[in-house]
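Asks: Before I ask anything, here is the structure I am working with.
The values are calculated or read from the model by the stated rules, or taken from the named source; none is laboratory data. These figures come from a predicted structure and were not determined experimentally. Positions of Cβ are generated from backbone atoms using ideal geometry, with glycine treated the same way; all protein chains shown enter the neighbour counts. The protein model used for the area step is the full one, side chains on, heavy atoms only, and it has no ligands, DNA or RNA in it. Shrake-Rupley method; radii C 1.70, N 1.55, O 1.52, S 1.80 Å.
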Amino acid sequence: MNWIQPLEQWIEEADRVLVVSHIHPDGDAISSTLAMGTMLQAMGKQVVMVNESPLPKKFAFLPGADEVKQIHEVSETFERVVALDCADRARMGVCCELIAPGASVVNIDHHATNDSFGTMNIVQPQAAATAEILYDWIDQSRVGWNEELATHIYTGLLTDTGGFRYSNTSPKVLRQAAKLVEMGISFHQIADQVLETVTLSQLRLLKAALGTLQQTDEGLVAWMKLAKADIANASHDDLDGIVNYARNILGVDVGILFREEQPQTVKVSLRSREIVDVGRVAKQFGGGGHARAAGCTVQGTIAEAEASVLAEIRSQLRSEAR
């Protein structure tokens, strides 16, 4: 915990702080943003929370969610910045434009691919979520816990562990979650909102994707595709979780969703069980993520992206078989 004192010293010296996370924020990114904003405000700092993308509607229940601004609502630049859950500076998207030249940036993250872009880098790849890192800070801070902070951190832990089902669910995470439940949070309502609730648009996209489902002859890899026409009227939220349906098939190790963003641009979402490190696969195409969940963008048609990504996955499978 030797990073806590330097972080609090950095905060002590700050006046006005920008808090930002990655584009298309997930539960961990949103929860970490809100927890950091709450902590900074409690420490007497002026805080501006910004994200390039609108927050998914299912996270609107989180305290303070309506305070997260979009880029067009902010015209100033900041000398003090906290970046959360971003493996690299580019993941902030156009929010990078709000960072003043020479600004002091605290980079708090849990991605193994993090490139230490900050002035201060608090990067813990062994952590299941950025929220897990923030838990350790809050637990030792003079601010202490309240129901609002407990709700934020629990949501981050819950979502980045897939409801405490993924392999990143450590005993430490479960102990943290138990302590947060003891604080009286509405844990069952949080789970229902962020894990169980879907929109009609999501189901329509899922129907389209499942109609393209394919598997390799060995049955270890399954993939689906969505053409640009399929997602023309869909939001990024509507795509959430669709890739898991490919990975969840009995006997499948890697699930993939290819979605056409432009005629020559394909977004690829990857999930795996235990054999293939999809973070390594994504990195081959300029993307990143974790061993069990990652993503990248491939230039070319869906057919070309399919061929190149599957070739890389098969290469890894052959290496593991040796």
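Asks: For the pair V74/A311, report the inter-label distance in nm, with labels modelled 7 Å from Cα in the Cβ direction.
Replies: Here the answer is 4.1 nm between the modelled labels.
Asks: Quick check: from the Cα gyration tensor, does the range 79-192 come out rounded (a/c under 1.5), prolate or oblate?
Replies: The shape class here is prolate.
Asks: Further question: Give me the percent of the accessible area of the chain that comes from carbon and sulfur atoms, probe 1.4 Å, all protein chains in place. Spell out each step's value before the answer.
Replies: On the way: 7030 of 14800 Å².
Heavy-atom surface of the chain belonging to carbon and sulfur, 1.4 Å probe: 47 percent.
Asks: Using 0.36 nm per residue of separation minus the Cα-Cα distance, give me the extension gain between R273 and L210 in nm, one decimal. Display every interim value, and only then the final one.
Replies: Values: separation 63, 0.36 × 63 = 22.68 nm, distance 1.97 nm.
Once the chain is fully extended between R273 and L210, it gains 20.7 nm.
Asks: Related question: Name the most mobile residue of S201, S75, S116, meaning the one with the largest mean-square fluctuation, in a Gaussian network model of the chain with Cα contacts below 10 Å.
Replies: S75
Asks: Still on this structure: Applying a 10 Å radius around every beta-carbon, put 137-147, 280-290 in order of their mean neighbour count, most first.
Replies: 280-290, 137-147
Asks: While we're on this one: Could you order the peptides 35-43, 80-88, 101-109 from most to least packed, using the average number of other C-beta atoms within 10 Å per residue? Spell out each step's value before the answer.
Replies: Working: 35-43: 21.1, 80-88: 25.7, 101-109: 18.6.
Per-residue Cβ counts within 10 Å, averaged per peptide and sorted highest first, yield 80-88, 35-43, 101-109.
Asks: Whole Å is fine, so just give me how far the alpha carbon centre of the range 37-72 lies from that of the range 127-150.
Replies: Their Cα centres are 16 Å away from one another.
Asks: Working from Cα positions, state the angle (0 to 90°, nearest 10) between the long axis of helix 147-160 and the longest principal axis of the chain.
Replies: 20
Asks: If one takes the longest principal axis of the Cα atoms in the chain, at what angle in degrees, from 0 to 90 and to the nearest 10, does the Cα axis of helix 27-42 lie?
Replies: Long axis of 27-42 versus the principal axis of the chain: about 10 degrees.
Asks: Share of Cα-Cα pairs in the range 188-230 beyond 17 Å, in percent? Each step should come with its number before you reach the end.
Replies: Details: 466 of 903 pairs.
Distances greater than 17 Å cover 52 percent of the Cα pairs.
Asks: Extension gain L250-A303, at 0.36 nm per residue separation less the Cα-Cα distance, in nm?
Replies: Result for the pair: 16.6 nm of gain on full extension.
Asks: While we're here: Just for the Cα atoms in the range 194-312, what are the lengths along the principal axes, largest first, rounded to whole Å?
Replies: Taking max minus min along each principal axis of the Cα atoms, the range 194-312 gives 34, 31, 27 Å.
Asks: Once the Cα atoms of helix 302-321 and of the chain are each reduced to a long axis, what angle between those two axes, in degrees from 0 to 90 to the nearest 10, is obtained?
Replies: The helix 302-321 is inclined about 90 degrees to the chain.
Asks: For the chain, with only Lys/Arg (+1) and Asp/Glu (-1) charged at the beta-carbon, what is the dipole magnitude about the Cα centre, in debye rounded to 20?
Replies: On the way: 28 positive and 41 negative charges, 159 e Å.
With only Lys, Arg, Asp and Glu charged at Cβ, the dipole is about 760 debye.
Asks: May I ask which of K172/K207; K58/K228; K207/K267 have a Cα-Cα span longer than 27 Å here?
Replies: K172/K207
Asks: If I take every Cα pair under 8 Å that is 6 or more residues apart in the chain, average their sequence separation and divide by the length, what percent do I get for the relative contact order?
Replies: The normalised contact order for the chain reaches 11 percent.
Asks: Want the number for Q41 to D15: 0.36 nm per residue separation, take away the alpha-carbon distance, what's left?
Replies: 8.3 nm is the gain from fully extending Q41 to D15.
Asks: Related question: Dipole size in debye (nearest 20) for the range 1-149 around its Cα centre, Lys and Arg Cβ +1, Asp and Glu Cβ -1? Kindly include the intermediate steps, with their values, before the conclusion.
Replies: Values: 9 positive and 22 negative charges, 30 e Å.
The calculation lands at about 140 debye.
Asks: Continuing with this model, one more query. Mind jotting down the distance between the C-alpha centroids of the range 77-94 and the range 276-322, whole Å?
Replies: Value for the Cα centre distance between the two parts: 26 Å.
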